[in-house]
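To keep things clear, I will list the structure first and then write my remarks on it.
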Amino acid sequence: MINKQLTNPESIVVVGGSNDINKPGGKVLKNIIDGGFTGRLHVLNPKMEEVQGVKSYKDAESLPETDLAIIAIAAKHTLPVVETLTQQKNTRAFIVLSAGYSEESEEGARLEEKLTALVNQVDGALIGPNCIGILNAHHHSVFTEPIPDLDPKGVDFISGSGATAVFILESGIPKGLKFSSLYSVGNSAQMGVEEVLQHMDEHFDPERDSHVKLLYVENIDKPKKLLKHASSLIRKGCRIAAVKAGSSDAGSRAASSHTGALASPDTAVDALFQKAGIVRCYGREELINVAAVFMHPQLKGKNIAIISHAGGPAVMLTDALSNGGLIIPPIEGEKAEQLKEELFPGSSVANPIDFLATGTAEQLGTIIDYTENHFHHIDGMVVIFGTPGLFPIFDAYRVLDEKMKSAKKPIFPVLPSTLTAKEEVEEFLSKGRVCFPDEVMLGKALTRVYNTPPPAPEETPLPQVDHKKIRSIIQNASTGYLPPEQVQQLLDAAGIPRAGEAVSSQKADAVKKANELGYPIVMKVVGPLHKSDVGGVVLNVNSDQTVEKEFDRMMKIPQTTSILMQPMLKGTELFAGAKYEEGFGHMVLFGIGGIFIEVLKDVQNALSPVSEKDALKMIKKLRSYQIIEGIRGEEGVNEKRFAQTVAGLSALLEAAPEIRELDLNPLLGTQKHVTAVDARVSIEK
């Protein structure tokens, strides 16, 4: 795992270092030298006496003891060198830049396993292989460019892709974003993104360390570890954003239930990030813009003032913010009229505040002062200020910098004139500022940050369930879908209200049980998944004769084993379900139900456990929430009962981790009750 020899070594050897700075071994050595590494630096190159002014050794046996080895030789030559360094030279940290390991072939994978085993034998740290290295204030052990300005309060960046890391640096540096460290984990043979984040969490110093972490992840191998340490860091005051690539394969697997059709590995990633409080991004620019938002004071509310001397960008930003749920409220009243008197005729203070193309730096300062001190319903400001190139605008950006120092409300600067005001923008950034060249990208980043919830509590309160009964049912059940009787018992043990029901495979018995339930009833086939599609559901059955007729017809439907009968209930159709995702645990999904689940896909999802309080919050986020509230005279749904059902479902999952898929579809909701009408449960023992 990460150790001092990796992060702050007293000595480094570059294995394969050369004078050719167009090759990794030469470039990484140059970067270490240019970065001002103050420890002892060596090279292992059998063909050279000296490389870039650094003493070179012929073989590993002749090297002095070394804390950190950077490996830049072909994979097939690596093992003997690493063995000598670990066993004879007390080397306890390795950065393997070389490719040719598990990413390439089975033989490479075996080589990678042996390499990792050698390092693990001495409790050493291994980054890579197949990576660009690491970068921090102590040593610049990467073979790439650019090398960003390093600042303890800049961004800590962990990437599963070296090339992507470079491109993200390229995107962030021109916006003024500074970095504290970079970890490129490559194949993650020993340490992946999760382990690096764990180290940052367990050694976090709020006074010394960066409060912003960026992640680029292609595979989440240890989701629970990521959840634990990301949420812990955020609770300590950090802010984390991540790109998880590879979401397009999410829907490729066949599903055996409604929940399975909605849940996917990428849905699980969404749920994980939501639970941890990680802002999920979907590209490099979005990640950098979110990071730039992080570098400003936190927005405490959703009311934004847009200050601009250009109408078009202000309108586009208004759209971007509004579409993301932020508000651009009217600015009016006596103070607004006073501000208007300070501006040129034709200016508008209604919000957006447009002080025209001829607006001055002094007017910009006045607008910010009014917004800060008099417009108390405003929570933050966006200033859009560029130039057509007629005159310098140094004064405007200096005013903006000064106001950002004193304002308590966050001010987000959009400086679009990256060519015509290049010198002015560079001076602004030189003051330690971060800016946004595009107002819509800022708007999207702001809304993404604002709409990401804080981490879930470490302890989630769940309703009491009959744990003993649940375990007895599961232990006596067989792998696969449970019969209706056992499903009923599970729901009862979990305290989930359900409709009365009876199952029969004999016609006479079906008539008897229908009378016991009381007409009207609904009849459903047991066996086929999509009952409606095969004619396996009959509503409003009102007589013994109809029961007999439909029983004969339905039992002929392929895969039907028996007939389920229930009293006819009315209400809004809802849905709740769960699916086990390997490594992540159970995903709980819920929303509007019935046949519209796959059509509308208006579903909230979360990793279990889900409390009643969390479920209530998520219900309100449904696009169809107005249906649940009650719309156009239609009766609404008891939200508290719905949330209690979701929490009870989560408690059932915690008691029965063997459950692989579970559907409550439909649940029927009224103002008084939420009742499970149909349920399917599949277990894997």
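Within region 497-538, take every residue that is among the polar types (S, T, N, Q) and more than 44 Å from the chain's Cα centre (by Cα) and give me the one that is nearest to Leu564 (Cα to Cα). Give the derivation first.
Going residue by residue through region 497-538, those that are among the polar types (S, T, N, Q) are 504-506, 515, 532.
Add one more test, that the residue is more than 44 Å from the chain's Cα centre (by Cα), and what stays is 504-506, 515.
Working: Ser504: 7, Ser505: 9, Gln506: 11, Asn515: 14 Å.
Looking at residues that are among the polar types (S, T, N, Q) and more than 44 Å from the chain's Cα centre (by Cα), I get Ser504.
Which one is surrounded by the fewest Cβ atoms within 10 Å (Cβ to Cβ) among residues in region 196-234 that are among the acidic types (Asp, Glu) and under 20 Å from Gly160 (Cβ atoms)? Even if it seems obvious, please write down each step before you answer.
Our first condition is that a residue be among the acidic types (Asp, Glu); within region 196-234, this holds for 201-202, 205, 207, 209, 218, 221.
Of the ones still in play, those that are also under 20 Å from Gly160 (Cβ atoms) are 201, 218, 221.
Working: Asp201: 20, Glu218: 15, Asp221: 13.
So, considering only residues that are among the acidic types (Asp, Glu) and under 20 Å from Gly160 (Cβ atoms), the one surrounded by the fewest Cβ atoms within 10 Å (Cβ to Cβ) is Asp221.
Screening Val155 on (1) assigned to a strand (DSSP E or B); (2) under 21 Å from Ala69 (Cβ atoms) shows it passes everything except condition (2). Does any residue of region 106-119 turn out to be in the same structural domain as Asp20 (by TED's automatic domain parsing), among the charged types (D, E, K, R), farther than 27 Å from Val212 by Cβ and modelled with pLDDT under 95? For region 106-119, residues in the same structural domain as Asp20 (by TED's automatic domain parsing), among the charged types (D, E, K, R), farther than 27 Å from Val212 by Cβ and modelled with pLDDT under 95: present.
When region 311-344 is limited to residues that are under 20 Å from Pro437 (Cβ atoms) and small (Gly, Ala, Ser), the one that is surrounded by the fewest Cβ atoms within 10 Å (Cβ to Cβ) turns out to be Gly312.
Does any residue of region 49-69 turn out to be of a type in the set (Phe, Trp, Tyr) and either in contact with a helix residue (DSSP H, G or I) (Cβ under 6 Å, 6 or more places away or on another chain) or in a loop (DSSP other than H, G, I, E, B) (or both)? No, region 49-69 has no match at all. Cβ-Cβ distance below 8 Å, separation of 6 or more or different chains: which pairs start in region 190-207 with a residue that is in a loop (DSSP other than H, G, I, E, B) and end on one that is modelled with pLDDT under 95 and small (Gly, Ala, Ser)? Final answer for the pair search is Gly192/Gly160. For region 361-409, residues that are within 18 Å of Ser430 (Cα to Cα) and among the acidic types (Asp, Glu) total 3. Restricting attention to region 555-603, the residues being within 30 Å of Leu272 (Cα to Cα) and touching a residue at least 60 places away in the same chain (Cβ under 8 Å) number 24.
Against the condition in contact with a Ser or Thr (Cβ under 6 Å, 6 or more places away or on another chain) and buried (at least 23 other Cβ atoms within 10 Å of the Cβ), how does Asp663 come out, does it pass? Yes, satisfied.
Please go through region 70-83 and give me each residue that is buried (at least 19 other Cβ atoms within 10 Å of the Cβ) and either part of a helix (DSSP H, G or I) or free of Cβ contacts under 8 Å to residues at least 24 places away in the same chain (or both), ordered by number. If the condition is that a residue be buried (at least 19 other Cβ atoms within 10 Å of the Cβ) and either part of a helix (DSSP H, G or I) or free of Cβ contacts under 8 Å to residues at least 24 places away in the same chain (or both), then Ala75, Thr78, Val81, Val82 are the ones that fit.
In summary, helices (runs of 4 or more DSSP H) completely within region 566-685 and bearing 3 or more residues that are among the aliphatic types (A, V, I, L, M), touching a helix residue (DSSP H, G or I) at 6+ places or on another chain (Cβ under 7 Å) and closer than 30 Å to Lys222 by Cβ occur at 639-655.
Select from region 265-284 the residues that are part of a loop (DSSP other than H, G, I, E, B) and among the small types (Gly, Ala, Ser) and write down the one among them that is surrounded by the fewest Cβ atoms within 10 Å (Cβ to Cβ). Before you say what the answer is, go through the steps one by one.
Step one: filter region 265-284 for residues part of a loop (DSSP other than H, G, I, E, B), giving 277-278, 282-283.
Still in the running and among the small types (Gly, Ala, Ser): 277, 283.
Working: Gly277: 20, Gly283: 12.
Per the stated criteria, the residue is Gly283.
The set of residues in region 429-446 that are in contact with a Gly (Cβ under 8 Å, 6 or more places away or on another chain) and assigned to a helix (DSSP H, G or I) comprises Leu429, Gly443, Lys444, Leu446. All of Asp552, Asp509 fail the test of being in contact (Cβ under 8 Å) with a residue 24 or more places away in the chain, surrounded by fewer than 16 Cβ atoms within 10 Å (Cβ to Cβ) and either among the hydroxyl-bearing types (Ser, Thr, Tyr) or assigned to a helix (DSSP H, G or I) (or both), apart from Asp552.
Here region 235-246 is the region considered, the condition is being surrounded by 21 or more Cβ atoms within 10 Å (Cβ to Cβ) and farther than 16 Å from Asp205 by Cβ, and the residue that is farthest from the chain's Cα centre (by Cα) is Arg239. Against the conditions (1) in contact with a Pro (Cβ under 6 Å, 6 or more places away or on another chain); (2) under 30 Å from Ala292 (Cβ atoms), Ser98 satisfies every one except (2). The requirement of being at pLDDT 95 or above, touching a Ser or Thr at 6+ places or on another chain (Cβ under 8 Å) and in the same structural domain as Phe37 (by TED's automatic domain parsing) is satisfied by Glu61. Any residue at all in region 38-49 that's surrounded by 14 or more Cβ atoms within 10 Å (Cβ to Cβ) and under 22 Å from Ala117 (Cβ atoms)? Yes, there is a match, as at least one residue in region 38-49 is surrounded by 14 or more Cβ atoms within 10 Å (Cβ to Cβ) and under 22 Å from Ala117 (Cβ atoms). Restricting region 616-629 to residues that are out of contact with any Gly (no Cβ under 6 Å at 6 or more places or on another chain) and within 16 Å of Asp270 (Cα to Cα) leaves a set whose member that is surrounded by the fewest Cβ atoms within 10 Å (Cβ to Cβ) is Lys621.
Just checking, how many residues over region 419-451 are in contact (Cβ under 8 Å) with a residue 60 or more places away in the chain and exposed (fewer than 15 other Cβ atoms within 10 Å of the Cβ)? Of the residues in region 419-451, 2 are in contact (Cβ under 8 Å) with a residue 60 or more places away in the chain and exposed (fewer than 15 other Cβ atoms within 10 Å of the Cβ). Checking each residue of region 146-167 against the condition of being of a type in the set (D, E, K, R) and crowded, with 18+ Cβ neighbours inside 10 Å gives at least one match. Are any residues in region 168-186 crowded, with 22+ Cβ neighbours inside 10 Å and out of contact with any strand residue (DSSP E or B) (no Cβ under 8 Å at 6 or more places or on another chain), and if so, which ones? Listed by number, the list holds a single entry, Gly176.
Yes/no per residue for (1) modelled with pLDDT of 95 or more; (2) touching a Phe, Trp or Tyr at 6+ places or on another chain (Cβ under 8 Å); (3) in a loop (DSSP other than H, G, I, E, B):
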{"residue": "Ala350", "(1), (2), (3)": "no, no, yes"}
{"residue": "Ala357", "(1), (2), (3)": "no, no, yes"}
{"residue": "Glu362", "(1), (2), (3)": "yes, no, no"}
{"residue": "Gly365", "(1), (2), (3)": "yes, no, no"}
{"residue": "Ile368", "(1), (2), (3)": "yes, no, no"}
{"residue": "Glu372", "(1), (2), (3)": "yes, no, no"}
{"residue": "Ile378", "(1), (2), (3)": "yes, no, yes"}
{"residue": "Val383", "(1), (2), (3)": "yes, yes, no"}
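Among the conditions (1) farther than 23 Å from Asp209 by Cβ; (2) in contact (Cβ under 8 Å) with a residue 40 or more places away in the chain; (3) buried (at least 19 other Cβ atoms within 10 Å of the Cβ), the only one that Thr86 does not satisfy is (2).
Annotation: of all residues in region 666-685 being surrounded by 22 or more Cβ atoms within 10 Å (Cβ to Cβ) and small (Gly, Ala, Ser), the one that is farthest from Gly591 (Cα to Cα) is Ala679. When restricted to residues that are surrounded by 15 or more Cβ atoms within 10 Å (Cβ to Cβ) and either in a helix (DSSP H, G or I) or not assigned by TED's automatic domain parsing to the domain that holds Glu423 (or both), region 385-409 contains 9.
The values are calculated or read from the model by the stated rules, or taken from the named source; none is laboratory data. Here the structure is a predicted model, which is why all the values come from computation and not from measurement. We place every Cβ from the backbone using ideal geometry, glycine too, and count neighbours over all the protein chains shown.
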